[in-house]
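Asker: Quick one: the structure is below, and I'll ask about it shortly.
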């Protein structure tokens, strides 16, 4: 029994170092690579995606009658009528379709 107690005292931190302090450093060093991966992921993926979404929203808000647009599915057409959540596109002479405003992929030609 005496031997176990002496081994425990030998493994105790020296120089007044607190066990809680050493475990906090250990946790930080173990989590640091994970934090760096998340930061790099945010810089390379999430931030550009957010900027692209803002640009798309601005384009949707700026649409006007007569603009030529391309939908997400590849249909080209001229805007005939706009509402808050839908757009009427003329895809051929006297042929119109109604689509969701959010499905407009890009502005091809502004009025």
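Asker: Quick one: if you take sqrt(5λ) for each eigenvalue of the C-alpha gyration tensor of segment 32-111, what semi-axes come out, biggest first, whole angstrom?
Answerer: In descending order, the three semi-axes are 36, 11, 10 Å.
Asker: Roughly how many whole Å is it from the C-alpha centroid of segment 83-111 to that of segment 33-49?
Answerer: Answer, in whole Å: 36.
Asker: Something else about it: Please compute the Cα-Cα pair-distance distribution of segment 19-61 with 10 Å bins starting at 0, giving whole percents from short to long.
Answerer: 25, 25, 21, 16, 10, 3
Values quoted throughout were computed directly from the atomic coordinates according to the rules given, and no laboratory measurement underlies them. Predicted, not measured: the structure shown is a model, and the values here were computed from it.
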